[in-house]
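Participant: For reference, the structure I am asking about is given below.
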Amino acid sequence: MRKLFLYIVSLFILTGCSDEIPEHEQPVQAKRAILAYLIANNNLDEDIMNNVQWMYESLAESEDSCTLLIYYKPTSSNQYINEAQILAYFSDGHGQINGQPALEGNDITQGNVIAQANRYTAVTGTSTDPEVMRANLQMMADIVPSLSYGLIFGSHATSWMPAAGTDIATKSFGQDGNVYNSINIPELADVLEQTFPGNLDFVLFDACMMQTAEVCYELRHATRYCIASVLETPVVGFPYHEILNNLYQDEIDFDKLCENVINFNKSRGLWGTYAVVDCKQMDVFATAVREQLSQHTSALEDLSLHSIQQYGINDYQYFSFDVADVIRQLNGGILPESFQQVLDQTVLAKSCITNHSTFRVDEDRYCGMGMYIPDAVPGNTRWNDYYRSAISWYQTVWSE
């Protein structure tokens with residue numbers, strides 16, 4: 001009943017805003033539309049508002065037509081947005097956004113950018129609730145029918161780990177007010193599969209710790225590419241003013257994307273690891289990992305976790321080990337050529353900054369993707385029980 005109610009509400013909103021949405025049927029556009037689902041009802045509100053401004057800057061400079069829709073859930077103190085809204089920007093590639101001259105220079109401020117948006121009231125509710133998320137993503141797709149989409153997620157996150165708990169404030173993905181208002185990755189994948197059946201080109205996670213095998217494997221039927229970091233990410237987010245136009249291209253230059261983000265972080269004295277994974281290769285990749293584990297069962301039992309490149313910090317220590325480095329350690333420090341070939345077909349681009357505030361990322365051992373080792377944190381039964389019961393990667397790779 002709740003699902004039906006939310007869908008009816010979303011239809012009512014769409015049909016009721018006749019002054020904002022044309023009554024005639026929207027044409028299906030051939031060029032990729034980019035959607036952003038930004039959950040800023042937390043301490044990231046100001047930083048995510050800056051990200052929206054950067055996105056606008058990119059559109060203003062574009063020499064091609066571009067469509068950008070943003071779901072934005074603000075804090076109560078946000079002075080420009082007082083409720084969850086969908087912001088729409090249509091650039092004609094000739095200096096016009098939403099039929100008005102694009103803002104320039106010092107006029108590109110948060111307030112002016114929001115004021116120039118076509119604004120729609122979003123479906124209300126907790127933004128990480130699967131049905132609320134699905135309804136709002138569907139509304140965005142209905143506003144701009146397109147043959148293909150790219151989707152940016154922005155908020156807090158902690159990868160595959162369960163969203164609720166009292167010991168460590170894991171968030172899986174999203175934080176809408178209370179730290180436990182998050183969505184688990186299997187549920188997120190289901191939402192994307194239902195909303196974008198076969199036409200979601202990429203998911204970009206502007207959020208911490210999302211580039212893991214567990215996440216990419218869950219998304220293998222939902223999207224083609226996953227763009228994310230295996231580390232905690234700087235609060236400033238991705239430099240959209242430098243990378244957004246690349247995301248509209250038919251063939252995205254993933255190497256350039258990773259390079260631009262890393263160079264931006266370096267210019268600000270920040271850290272970072274960024275990679276692009278072909279989720280359609282994750283079944284083959286999972287098979288390759290499982291075969292390596294099966295061939296080295298005895299070595300796995302004696303494996304020293306301290307010898308492997310890992311990416312967790314503080315409470316999240318050992319949540320994620322470098323996948324290739326695990327296989328390398330099982331093979332006496334040498335990565336088998338057959339596994340390297342599968343890895344190269346799966347991780348399409350990667351780049352990193354070696355220095356982090358608390359530890360060093362070894363560039364030679366960084367493959368772009370991490371994974372958990374069951375019981376790596378033996379005292380955390382919540383992590384381990386959830387990993388075994390809910391994560392598909394475990395069932396495919398580790399269960400035997």
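Participant: From Gln341, Gln345, which residue is farther than 25 Å from Phe205 by Cα and assigned to a helix (DSSP H, G or I)?
Facilitator: Gln341
One line per residue, one yes/no per condition, for (1) in contact (Cβ under 8 Å) with a residue 12 or more places away in the chain; (2) of a type in the set (Gly, Ala, Ser):
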{"position": "Arg360", "(1), (2)": "no, no"}
{"position": "Glu363", "(1), (2)": "no, no"}
{"position": "Tyr366", "(1), (2)": "yes, no"}
{"position": "Ala376", "(1), (2)": "yes, yes"}
{"position": "Asn380", "(1), (2)": "yes, no"}
{"position": "Ser389", "(1), (2)": "no, yes"}
{"position": "Gln395", "(1), (2)": "no, no"}
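Participant: Looking at the stretch 228-274, which of its residues are in contact with a helix residue (DSSP H, G or I) (Cβ under 7 Å, 6 or more places away or on another chain) and under 25 Å from Tyr316 (Cα atoms)?
Facilitator: Once the filter is applied, which keeps residues that are in contact with a helix residue (DSSP H, G or I) (Cβ under 7 Å, 6 or more places away or on another chain) and under 25 Å from Tyr316 (Cα atoms), the stretch 228-274 yields Pro234, Val235, Val236, Gly237, Phe238, Val261, Trp271, Gly272, Tyr274.
Participant: Moving on to the next point. Tell me, please, whether a residue that is in a helix (DSSP H, G or I), of a type in the set (Asp, Glu) and exposed (fewer than 13 other Cβ atoms within 10 Å of the Cβ) can be found in the stretch 295-314.
Facilitator: The answer is yes, given that some residue of the stretch 295-314 is in a helix (DSSP H, G or I), of a type in the set (Asp, Glu) and exposed (fewer than 13 other Cβ atoms within 10 Å of the Cβ).
Participant: Filter the stretch 120-153 for residues that are buried (at least 18 other Cβ atoms within 10 Å of the Cβ) and assigned to a strand (DSSP E or B) and give the result.
Facilitator: Tyr120, Ser146, Tyr149, Gly150, Leu151, Ile152, Phe153 - these are the residues of the stretch 120-153 that are buried (at least 18 other Cβ atoms within 10 Å of the Cβ) and assigned to a strand (DSSP E or B).
Participant: Another one. What pairs come up if the first residue lies in the stretch 73-94 and is loosely packed, with under 14 Cβ neighbours inside 10 Å, the second is assigned to a loop (DSSP other than H, G, I, E, B), and their beta carbons are under 6 Å apart, counting only those six or more places apart or on different chains?
Facilitator: Gly93/Ser62; Gly93/Glu63; Gly93/Asp64; Gly93/Ser65
Participant: Pick out the one residue from Leu188, Leu231, Leu204, Leu192 that is assigned to a loop (DSSP other than H, G, I, E, B) and open to solvent by less than 20 Å² (accessible area, probe 1.4 Å).
Facilitator: Leu231
Participant: Follow-up question, since we're still on this one. Here is a list: Asp190, Asp250, Asp201. Which entry is under 25 Å from Lys350 (Cβ atoms) and over 14 Å from the mean Cα position of the chain (by Cα)?
Facilitator: On the way: Asp190 fails: under 25 Å from Lys350 (Cβ atoms); Asp201 fails: over 14 Å from the mean Cα position of the chain (by Cα).
Just a single option satisfies the conditions, and that option is Asp250.
Participant: Now for a separate question. Counting only residues that are over 11 Å from Gln53 (Cα atoms) and over 25 Å from the mean Cα position of the chain (by Cα), which one in the stretch 108-117 is most open to solvent (accessible area, probe 1.4 Å)?
Facilitator: So, considering only residues that are over 11 Å from Gln53 (Cα atoms) and over 25 Å from the mean Cα position of the chain (by Cα), the one most open to solvent (accessible area, probe 1.4 Å) is Ala115.
Participant: Return the residues of the stretch 345-367 that are open to solvent by 60 Å² or more (accessible area, probe 1.4 Å), within 23 Å of Ser159 (Cβ to Cβ) and not basic (Lys, Arg); say none if nothing qualifies. Outline the logic, then answer.
Facilitator: Going through the stretch 345-367, the residues open to solvent by 60 Å² or more (accessible area, probe 1.4 Å) turn out to be 345, 348, 350, 355, 357-358, 360, 363-365.
Subsequent filtering for residues that are within 23 Å of Ser159 (Cβ to Cβ) retains 345, 348, 350, 355, 357-358, 360, 363, 365.
Selection gives Gln345, Leu348, Asn355, Ser357, Thr358, Glu363.
Participant: Moving on to the next point. Return yes when Arg388 is over 30 Å from Asn263 (Cα atoms) and basic (Lys, Arg) and no when it is not.
Facilitator: So Arg388 fits the description; yes.
Participant: Still on this structure: Give Asp255, Asp278 a once-over and let me know the one that is surrounded by fewer than 16 Cβ atoms within 10 Å (Cβ to Cβ) and touching a residue at least 40 places away in the same chain (Cβ under 8 Å).
Facilitator: Asp255
Participant: Now for a different question. Just the residues that are in contact with a Pro (Cβ under 8 Å, 6 or more places away or on another chain) and either β-branched (Val, Ile, Thr) or closer than 19 Å to Phe254 by Cβ (or both), please, taken from the stretch 339-398. Reasoning before the result, please.
Facilitator: Of the stretch 339-398, the ones in contact with a Pro (Cβ under 8 Å, 6 or more places away or on another chain) are 382-384, 386-388, 390-392, 394, 398.
Within the stretch 339-398, just Ile391 meets the criteria.
Participant: Within the stretch 100-108, is even one residue at pLDDT 95 or above, outside any loop (DSSP other than H, G, I, E, B), closer than 18 Å to Leu192 by Cβ and out of contact with any Cys (no Cβ under 9 Å at 6 or more places or on another chain)?
Facilitator: no
The values are calculated or read from the model by the stated rules, or taken from the named source; none is laboratory data. The structure presented is a predicted model; accordingly, all values stated were derived computationally and were not measured. A quick note on method: Cβ atoms are made from the backbone with ideal geometry, for glycine too, and the neighbour counts reach across all protein chains shown. Surface areas here come from the heavy atoms of the whole protein model, side chains and all, with no ligands, DNA or RNA. Shrake-Rupley method; radii C 1.70, N 1.55, O 1.52, S 1.80 Å.
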